[in-house]
Amino acid sequence: MARDVSDTTPITSRNMLVEWLEAGCKTAGAPLRIGTEHEKIPFYAGDNAPVPYNGAAGRGGVRALLEGLGDALGWAPIFDRDALIGLYEPDGGGAISLEPGGQFELSGAPLSDVHATKAELDAHFAALAPVARALGVRFLDLGCSPKWSRAQTPAMPKQRYAIMQAYMPKVGARGLDMMFRTATVQVNVDFVDEADMVQKMRVGLALQPLITAMFANSPFLDGQPTGRLSQRSYIWLDTDPNRTGMLPFAFEQGFGFERYVDYALDVPMYFVKRGDIYYDVAGASFRDLMEGRLRQLPGEHATMSDWANHLSTIFPEVRLKTYLEMRGADAGPRAHFIALPALCAGLLYDPGALDEARELTRHWSAAARQALRDDVPALALDAIIEGRSLRDVGRDVLALAKRGLRRRARLDAESRDESVFLAPLEAILEDGRTLAQRRLDAYYGGWGQSIDAAFADCVLPI
């Protein structure tokens, strides 16, 4: 999330929270848009060192990247007190934000189709490339930082991250790794009404382990293989059980906006933002803030911006705001940044494909879905659900998405539909090997078991 929301409307009832979610419903005939967010880990090309906020040894750092990109794009700055921590397109387009360890994120605009997503991505890298090259900075295309320890990883000067950093070790063993050493790509999708939201939420949750498997691309940490294909996904399993996971209640009868509100109200808070200050209330109840009895801020009452900001601190595999966020994929090469929105558009924006995907996953039990989620970080496409490998499930799902995209018939200037962007996933499922497995082959082969080779072979072209 690039910018915290500013809406000082007082919250006077639980129903206002439900209505805030319902406001995401698109009116009949309104276009369903797709937004893509991706993170990438910067490093100095000369010595494979991490990039601090203010730079190191006379070299420009993350702030200089932001300043240069802001000048190139003409985007407006986002500050946390006096620290430049992001950029945004003033006309309501995309934004640039920083993750805790300096992961550089493009939060893309909601766009009409995946062709537009590719154009947005190309424009982003075209603007970023000369700025990064001038600073000697490159970007890894991995889902986890492969070499630097947590202590070696720089911290970005964002107040909310300092609060999270203090709280995370209290609720999970790997929360700080999640914050500082992982990178993801996620897709945001619209819904037309509550029933459509529920259908997409259920399909999205059931299939996030498949997405994790197909996009598995984080087999290294601390300079060596971890024994897992998606270390990023494994890290999420022990981050904070109160705000992560597969949301089994979303499959229960009667699930809808109200049930999600009650879930979110039960998730402990991180902070309350007033003016430029983030007040540490980690572990406190949003209900107490609504009632003006928060111990850390007595007499302070919740506003709608508090609600929006609180929802942004909840991290399930699929997150509901005024749209749905699909959160299961590792970061990867540029083609993967586009393959994920293509997959999601094909499955979730074509009614026939959505119905078939729901039918495919309808009989999976909560226990089976959780077991799959637990197995996927290590096994990826070899994980089993109800007697079938994810490789076989993936072939069925990809076929559904491909047919959905062809029926959508969103064409580019060469009369190609969006299914062309599924090619990387088709190759993975045909070969049966993930990008993580191919990179492990390189590690034990041409890399000579030296992780430094990743800083040459696992790099986004700029």
Pairs, first under 8 Å from Glu37 (Cβ atoms) in the stretch 182-194, second crowded, with 22+ Cβ neighbours inside 10 Å and among the aromatic types (Phe, Trp, Tyr), C-beta under 7 Å, six or more apart: Val185/Phe337
Residue, surrounded by the fewest Cβ atoms within 10 Å (Cβ to Cβ), within the stretch 67-116, restricted to residues that are assigned to a helix (DSSP H, G or I) and not small (Gly, Ala, Ser): Asp71
Tally of residues being in contact with a Lys or Arg (Cβ under 8 Å, 6 or more places away or on another chain), in contact (Cβ under 8 Å) with a residue 40 or more places away in the chain and crowded, with 16+ Cβ neighbours inside 10 Å across the stretch 386-435: 5
Scanning the stretch 343-378 for residues that are surrounded by fewer than 19 Cβ atoms within 10 Å (Cβ to Cβ) and polar (S, T, N, Q), the one farthest from Phe421 (Cα to Cα) turns out to be Ser365
Among the candidates Gly332, Gly328, residue that is within 30 Å of Phe139 (Cα to Cα), touching a Leu at 6+ places or on another chain (Cβ under 9 Å), assigned to a strand (DSSP E or B) and in contact (Cβ under 8 Å) with a residue 60 or more places away in the chain: Gly328
Please state which one of Leu340, Leu294, Leu265 is in contact with an Asp or Glu (Cβ under 9 Å, 6 or more places away or on another chain) and either of a type outside the set (Ser, Thr, Tyr) or surrounded by 19 or more Cβ atoms within 10 Å (Cβ to Cβ) (or both). Leu294
Just to be sure, is Ala345 in a helix (DSSP H, G or I), closer than 16 Å to Asn217 by Cβ, among the hydrophobic types (A, V, I, L, M, F, W, C) and touching a residue at least 24 places away in the same chain (Cβ under 8 Å)? no
Consider the stretch 189-215. How many of its residues are in a helix (DSSP H, G or I) and surrounded by 22 or more Cβ atoms within 10 Å (Cβ to Cβ)? 15
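Since every read-out is calculated from the coordinates, none of them should be taken as a lab result. Remember, predicted model here, so these are calculated numbers, not experimental data. In this analysis, Cβ positions are derived from the backbone assuming ideal geometry, glycine residues included, and neighbour counts consider all displayed protein chains.
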